[in-house]
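First the structure, in the form of structure tokens, and then the observations on it.
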Amino acid sequence: MKKSTILVTALLAGTFAHPALAQDADPDFFDGFYIGGSFGLDAIDDGANDGIVFDTDGDGEYDDVVRTTTGANAFSPGFCNGIANGSRAIDGCGDDKSRFGYGVRLGIDKRVGDGPFVAGLLVEGAMSDSKEYSSGFSTTPASYTFVRELDKSVALRGRLGISPGSGRGLLYVTGGLAYADIDHDFVTTNGANSFTMTDDDDWQLGGQIGAGGELYLTNNISLGLEYLYSRYDDDDAYVLVGPGTAPATNPFLLDSGQTGLRPSDSDLAIHSFRTTLNFRF
């Protein structure tokens with residue numbers, strides 16, 4: 001958030017640093033339709049203690065411990081919020097993949113009365129290459145990694161901002177609803193049990209909130225910087241662990257004959273830092 005604030009402040013400083021622009025100001029700035037695009041970094045947001053949780057008794061509640069025939073915790077080696085580097089916890093984990101995101105948007109801004117305030121509404125379609133990993137390690141030893149990727153999303157957001165002085169610059173806050181297609185995958189070094197992904201390609205509802213700044217470069221083209229926080233409720237997808245070639249004494253099978261597993265954090269959250277370019281009618 002601190003990083004995005006610095007970027008927005010730097011952008012808007014240009015609005016007031018050039019008196020010549022104020023002399024040529026058009027009162028219709030940020031007052032009409034626009035179409036544009038965005039490009040930037042999508043950074044995965046997860047906690048240091050995130051891992052995998054289990055449903056061993058089939059009640060739909062992921063609050064169980066996978067235990068061996070002696071009652072020991074089969075996942076005592078621990079968990080990590082990244083991709084497993086090997087079968088053992090000592091091998092460590094790699095980081096989530098924070099990658100580029102891009103999108104297109106169509107919106108409308110309207111000046112409120114004769115003052116500097118601007119209200120707006122926009123629709124945006126976006127795609128991302130970022131991936132989140134949640135891993136666990138069993139005493140076998142074996143590793144288990146749940147993978148989530150935000151494939152594409154559609155959002156409807158409002159904007160409310162202030163455009164003082166010449167009117168060529170805008171500082172705003174934004175927020176609204178988003179609907180995302182989240183892809184899921186699963187990777188394990190366990191070759192005995194069977195692993196079946198359920199709802200691996202699923203659309204989920206979420207919310208977005210953020211802030212940004214925008215500056216007219218010409219009478220029809222504006223450049224902006226934007227920070228956006230997106231969070232999606234992603235609790236439908238899970239992996240069902242079955243017998244495969246494992247014996248009945250397998251820890252995944254002892255309680256009910258199978259076990260469900262999923263990430264401990266059922267929400268997928270992303271911080272986006274973007275550059276926007278808009279053509280205004």
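Summary of computed values
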quantity	calculated
Radius, Kirkwood style, for the stretch 32-280 when every pair of distinct Cα atoms is counted (Å)	20.0
Charge tally in the Cβ shell below 10 Å around Tyr172, where Lys, Arg are +1 and Asp, Glu are -1, Tyr172 excluded	-2
Most to least accessible of His184, His271 (protein chains only, probe 1.4 Å)	His271, His184
Crossing angle, helix 2-16 versus the chain [Cα axis fit, 0-90 degrees, rounded to tens]	10
Portion, in percent, of the accessible area of the chain that falls on carbon or sulfur, probe 1.4 Å	59
Total formal charge among the other residues, if their Cβ is under 13 angstrom from that of Val118, Lys/Arg +1 and Asp/Glu -1	0
Theoretical gain in end-to-end length, Phe195 to Thr245 [0.36 nm per residue, Cα-Cα removed]	16.8 nm
The chain: calculated mean residue ellipticity at 222 nm from DSSP helix runs of at least 4, using -39500 (n - 2.57)	-2000 deg cm²/dmol
By accessible area with a 1.4 Å probe, ligands and nucleic acids excluded, highest first: order of Arg105, Arg231, Arg99	Arg99, Arg231, Arg105
Most mobile of Ala155, Ala43, Ala248 in a GNM of the chain (Cα contacts under 10 Å)	Ala248
The chain: Lys pairs at Cα distance under 24 angstrom, eight or more positions apart or on different chains	7
Total charge dipole magnitude, the chain, about the Cα centre, Cβ charges on Lys, Arg, Asp, Glu only, Debye to nearest 20	1180
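The values are calculated or read from the model by the stated rules, or taken from the named source; none is laboratory data. Just so it is clear, the model here is predicted, and its values are computed rather than measured. Don't worry about glycine lacking a Cβ; one is built from the backbone with ideal geometry, like all the others, and counts go over all protein chains shown. For accessibility, only protein heavy atoms count, side chains too; no ligands or nucleic acids. Shrake-Rupley method; radii C 1.70, N 1.55, O 1.52, S 1.80 Å.
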